[in-house]
Amino acid sequence: MTAPSMNLRDLVILVAEPSSYISMLIHGMLRGFGSNKVIEVRNSNHLLQVLTVQKIDILICDVRLPPHGGLTMTRAIRNKKDNEHRTIPILIMAGDSRESTVKQARDAGANMVIAKPISPAGLYERLSWIAFNPRKFVDTESYFGPDRRFKIEGYPNGIGRRKGDKVVEVAAESGPTLAQGDIDNLFSAVRTGQD
Amino acid sequence: MTKAKTGQEARIFAVETRFQKLARRDGGVPRDKAIAQAHAEIEQVKPDFDQWFDIELRELAALVNNAQSGEGKPGWIETAGFRSRQLRDSAGTLGFELIEFIAGSLCEILESIEAGNECNMESILCHVDALILARQPYYRALQPEQVPELTKGLRRVVKHVTINPLGVEK
């Protein structure tokens, strides 16, 4: 089977990352993937400004983006009605990939979480997963965002789960950090009744 | 429509974003080529890492030294945490595993202080010293398991100050 290719040309990608150096690395990776329209912001105030003047196709946002934090921004984007960006894909980057953080990201309305440090393969797979696995949106009194009940059948392009991936059980707030495979499983844990 | 737990109607609807539409167009970069090109982009900026790392390390050391001498500005822990995280994450992406390990270890200590644990300056200073050591070309190329005395020592320090925050001898 021929693996599908992801075409990022002319898509506007907003990278919200406080570190200019890391932002530059992510920008370089995206350029390598074929992206030609990347906007960088360092803080949530600038992020909000950009969203009001520019149409964005996907947001890649650090969980600790100052001063408000990436999850507050995610909730703001999802909860604000009459907002043209309300359903854009949001990929949260987290150095602190504890279960509680990942669950908070999922419940804020993020499409996916990627663990820092970020590798080109890790970033490509998550972007590709968002592109090729559109999820329905759910609108309730307490939540607006991608359906949290979904199942990862394997990443596109023939990439399946990694060998060491395992089912995640919900743990205490201060639990250990999760590997990327565990993060992906936690995002998919709802359907199997674990969360 | 599906009933939500609150008794309100839950609206479930399909969304196809512009990202999804356009990303699936023909003419994209095949996965392996895209990743290889991304690595090539990273390789291009790698030579600048030394210079950037030196500046960051100097700033971090200055923050810590000021705090030790009682001249630390309010919020210095938060700033040190930011600098440590970006050292960890950039070194991790660029493949400098020993720097990633030491900076990650320092992040754990700073996060525990932010969470309310006592600030143990010695534990922070020894991590800054370890980063200065790891900056040298010989050490930078090493993996954490190749310097077990250093890495085990740092793990012991982290365990000591995060599990036993008051420094009470066990």
Item checked: region A:35-90, residues that are farther than 21 Å from residue A:104 by Cα, surrounded by 21 or more Cβ atoms within 10 Å (Cβ to Cβ) and not small (Gly, Ala, Ser) -> A:41, A:51, A:56, A:57
Margin query: On the basis of being crowded, with 21+ Cβ neighbours inside 10 Å and touching a Pro at 6+ places or on another chain (Cβ under 8 Å), does residue A:94 make the cut?
Written below: no
Note to self: Looking at region A:99-135 only, could you name the residues that are of a type in the set (Phe, Trp, Tyr) and either surrounded by 23 or more Cβ atoms within 10 Å (Cβ to Cβ) or facing chain B (nearest Cβ under 10 Å) (or both)?
What the structure shows: A:124, A:132
Next item on the list: Could you check, for region B:18-27, whether at least one of its residues is more than 7 Å from every other protein chain (Cβ to nearest Cβ), under 23 Å from the mean Cα position of the chain (by Cα) and not in a loop (DSSP other than H, G, I, E, B)?
Entry: no
Next item on the list: Can you tell me which residue among A:59, A:8 is under 19 Å from residue A:134 (Cβ atoms), within 11 Å of chain B (Cβ to nearest Cβ) and in a strand (DSSP E or B)?
Entry: A:59
Next item on the list: Having 1 or more residues that are aromatic (Phe, Trp, Tyr) is the bar; report the helices (runs of 4 or more DSSP H) wholly within region B:44-161 that clear it.
Entry: B:49-68, B:76-94, B:97-114, B:137-140
Item checked: Looking only at region B:35-78, and only at residues there that are of a type in the set (Val, Ile, Thr), buried (at least 16 other Cβ atoms within 10 Å of the Cβ) and more than 9 Å from chain A (Cβ to nearest Cβ), the one that is nearest to residue B:111 (Cα to Cα) -> B:77
Next item on the list: Return yes when residue B:100 is in contact (Cβ under 8 Å) with a residue 12 or more places away in the chain, touching a Gly at 6+ places or on another chain (Cβ under 8 Å), within 30 Å of residue A:121 (Cα to Cα) and of a type in the set (Asp, Glu) and no when it is not.
Entry: yes
Next item on the list: Check whether at least one residue in region B:115-127 is out of contact with any Ser or Thr (no Cβ under 9 Å at 6 or more places or on another chain) and within 11 Å of chain A (Cβ to nearest Cβ), and report yes or no.
Entry: no
Check: Which of the residues spanning region B:41-59 are closer than 26 Å to residue A:121 by Cβ and not charged (D, E, K, R)?
Finding: B:42, B:44, B:45, B:47, B:49, B:52, B:53
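Of all residues in region B:125-140, how many are in contact (Cβ under 8 Å) with a residue 24 or more places away in the chain and either polar (S, T, N, Q) or in contact with a Leu (Cβ under 8 Å, 6 or more places away or on another chain) (or both)? Don't jump to the end; show me each part of the working.
Let us first name the residues in region B:125-140 that are in contact (Cβ under 8 Å) with a residue 24 or more places away in the chain, namely B:125-128, B:130-132, B:134-135, B:139-140.
Cutting the leftovers down to either polar (S, T, N, Q) or in contact with a Leu (Cβ under 8 Å, 6 or more places away or on another chain) (or both) gives us B:126-128, B:130-132, B:134-135, B:139-140.
Number satisfying all stated conditions: 10.
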Next item on the list: List every residue pair whose Cβ atoms lie under 8 Å apart, where the two residues are 6 or more positions apart in sequence or sit on different chains, the first residue falls within region A:13-36 and is facing another protein chain (nearest Cβ under 7 Å), and the second residue, located anywhere, is of a type in the set (Gly, Ala, Ser) and surrounded by fewer than 22 Cβ atoms within 10 Å (Cβ to Cβ).
Entry: A:32/B:36; A:32/B:40; A:34/B:28
Note to self: Can you report the number of residues in region B:87-112 which are crowded, with 19+ Cβ neighbours inside 10 Å, of a type outside the set (A, V, I, L, M, F, W, C) and at the interface with chain A (Cβ under 9 Å from one of its Cβ atoms)?
What the structure shows: 7
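Assess whether residue B:84 counts as being surrounded by 14 or more Cβ atoms within 10 Å (Cβ to Cβ), farther than 30 Å from residue A:88 by Cβ, within 11 Å of chain A (Cβ to nearest Cβ) and at pLDDT below 95.
Details: surrounded by 14 or more Cβ atoms within 10 Å (Cβ to Cβ): yes; farther than 30 Å from residue A:88 by Cβ: yes; within 11 Å of chain A (Cβ to nearest Cβ): yes; at pLDDT below 95: no.
No: the conditions fail for residue B:84.
The values are calculated or read from the model by the stated rules, or taken from the named source; none is laboratory data. Just so we're clear, the structure is a prediction, and the values are computed from it rather than from any experiment. All Cβ positions, glycine included, derive from the backbone under ideal geometry; neighbour counts span all protein chains shown.
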